[in-house]
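Shown next, in structure tokens, is the structure this report addresses.
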Amino acid sequence: MEKTISIDTVYVPSEEVVARQVGGEFVLVPISAGVGDFEDAVFTLNEEGKAIWDRMDGKRTLREIALDLGTEYDTPIEEIQRDVIGFTEELFRRRILHQIPRQE
Amino acid sequence: MSSTTEFVVRKSLNSLFSSNAARPILSRLDIELTERCNNNCVHCYNNLPLHDESVRGRELSAQEIKTILRDAAALGCLGVRFSGGEPLVRPDFAELYVYARRRGLRVTLFTNATLITPTIAQLFCRIRPLEPIEVSLYGMAPKTYESVTGRPGSFEAAWRGIHLLQEYKIPFAVKAVILPENKEDKEAFVRWGETLFGSSGENPVQFVLYLNLHARRDSVRNKQICARRISAEDILESLRQFRPDYSGKLAQFCRKFMKIPGENIFSCGGGINKADIDPYGRLRLCMLLKDPRLSYDLKDGSLKEAVTSLLPQWRKIKSTNPEYLRRCARCFLKGLCLQCPAKSWLEHGSLDTPIEYFCEIAHVQARSVGLLGIGEQGWEVKNGKERIASYGENN
């Protein structure tokens, strides 16, 4: 059964992924077999995706990231939370993100 | 926030850029890790002895190569091609490979496969190169193979390496170099290729039919190489025999690439978003271009500076050779001809001299599909464009 994403959990990028600016694109390049979902796939993030990614610093929960984004985007907080969870789900199931215990 | 539909888009590396505008200034870098090789192939244009300590001492260190890889990644580079010599003779190969992958670069490796060990195969399995390993193969039997490589035991070592790639399911392509020593193996190459990945797709065994002259213009080596060059007629026969839909593919190629080049000598893609670094840290337009006048020592400056200012400057060089201007510059077959500044320098020591061998191959191919009449020369034809269009429509 797939693990569900918890909004009060901290997620961080896997060390088996490199985030790069390539030309005009922000690209995630999986390094090890089993990360991502097929061999020559990379993942590009749009501006909002990058804004979420940049906040995944190993300290903030998804709820805190959404709150922070709420100060920048003129969007209802519930909608931002939905987006942050959707983004995390997408990358978590590909093992590009993993969850870590919150550091106190 | 949800004004845009997708935060994450999955793409293949090859489709990352839909337009040239988004391309990074450097998309691919070739790095020749060494010119030394554990084989001593009769036809090789480049190899130096494996244990040549003076050569080894001049090669870039692992740290210097890492700096180049780091700088290339910062310029947006997507892939690096490690070639040689034999890249796997460097004891730091695995370290460099992992470093390149961890910078987010995909890696192409040119190798003879003789030094692929279980450890190396496991590494490629765990950290995928993202490009097929390119294996050069010189024969399907010990006798033919080793008559090319000059090294007893090399056949067994190469096949051990290939079997490891198969065992660990690492994608690879094979470049079978056809020489008088191994021409009897041609059918066996094809049959083996057909067994490799089932019947779907193209046969992963590609024949190398054209030999380049020696990188350091060594006259003894050049004699050896010239003696092994296949005639234009035999090349045509091999192309027809072993390349499926040869005529259709040639028509496609002609439509795309054949045009009169004019006086600019670089009509290829060399130096456009890509560059080559030799084992001693000199940047060039391409791997084959050995003219020392068109090289830049990276110890004297940055990769960025060389890529952004020198490469475009070199690409603007125009021919001053009357013979080139009379023939190649006006020839509608130029796209089909292997003459280029790099090969011109290997053959003649100048960047813009016609190469009779390649000229003949292009003319034989063009005559075989009706682009040229008997006795006609490509540079004399006035309606080349119409001929290509008509050939394209009928194939």
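Computed from the coordinates by the stated procedures, all read-outs in this text should not be read as laboratory data. Keep in mind that what you see is a predicted model, and the values were worked out from it rather than measured. No Cβ is skipped: glycine too gets one built from the backbone with ideal geometry, and neighbour counts run over all protein chains shown.
Descriptive notes on the structure:
- All C-alpha to C-alpha distances of the protein assembly as shown, sorted into 10 Å bins beginning at zero, yield P(r) values of 4, 16, 24, 26, 17, 9, 5, 1, 0 percent in whole numbers.
- Candidates B:Asp52, B:Asp30, B:Asp278, ranked by Gaussian network fluctuation over chain B, Cα under 10 Å, top entry: B:Asp52
- Counting only aspartates and glutamates at least 8 places from A:Lys59 when in the same chain, those with an alpha carbon closer than 14 Å to its own are A:Asp8, A:Asp68, A:Glu104.
- Radius ratio Rg over Rh of the range A:10-100, counting only Cα atoms, Kirkwood formula for Rh: 0.97
- For a modelled paramagnetic label at B:Thr117, 7 Å from Cα along Cα-to-Cβ, the residues of the range B:129-166 in reach, with backbone nitrogen under 14 Å, are B:161.
- DSSP beta bridge pairing in chain B, given as percent antiparallel to the nearest 5: 15 percent
- Residue order, fewest to most surrounding Cβ atoms within 10 angstrom, among B:Thr320, A:Thr4: A:Thr4, B:Thr320
- When each of B:Lys316/B:Lys382; B:Lys343/B:Lys382; A:Lys50/B:Lys256 is checked by Cα-Cα distance, pairs over 29 Å: A:Lys50/B:Lys256
- Proximal lysines relative to B:Lys66, as straight alpha-carbon distance under 20 Å, when same-chain residues fewer than 8 apart are discounted: B:Lys274, B:Lys299, B:Lys304
- Chain B: C-alpha pair distances exceeding 26 Å, %: 59 percent
- Each residue of the range A:86-101 is assigned a 3J(HN,Hα), and the resulting list reads x, 4, 5, 4, 4, 7, 5, 5, 9, 6, 7, 10, 9, 9, 10, x Hz, derived from the Karplus form 6.51 cos²θ - 1.76 cosθ + 1.60 (θ = phi - 60°), x at Gly and Pro.
- Relative contact order of the range B:331-395, pairs being alpha-carbon contacts under 8 Å that are 6 or more residues apart, as %: 34 percent
- The Stokes-Einstein estimate for the range B:24-230, based on a Kirkwood radius over Cα pairs and taken at 25 °C with 0.890 mPa s viscosity, is a diffusion coefficient of 138 µm²/s.
- Chain B, relative contact order in percent, only Cα pairs under 8 angstrom and at least six apart counted: 16 percent
- Cross-link partners of B:Lys385 among aspartates and glutamates, defined as those whose alpha carbon lies under 13 angstrom from its own and excluding same-chain residues fewer than eight positions apart: B:Glu393.
- Unpartnered cysteines - no second Cys beta carbon under 4.7 Å - across the protein assembly as shown: B:Cys37, B:Cys77, B:Cys125, B:Cys226, B:Cys254, B:Cys268, B:Cys286, B:Cys328, B:Cys331, B:Cys337, B:Cys340, B:Cys359
- Distance (nanometres) between label positions extended 7 Å along Cα→Cβ at B:Arg243 and B:Leu325: 3.3 nm
- GNM result for chain A, Cα springs below 10 Å: residue of A:Gly49, A:Gly36, A:Gly23 fluctuating most strongly: A:Gly23
- Filter on B:Lys11/B:Lys186; B:Lys175/B:Lys290; B:Lys11/B:Lys334 - keep pairs with C-alpha separation over 29 Å: B:Lys11/B:Lys186; B:Lys11/B:Lys334
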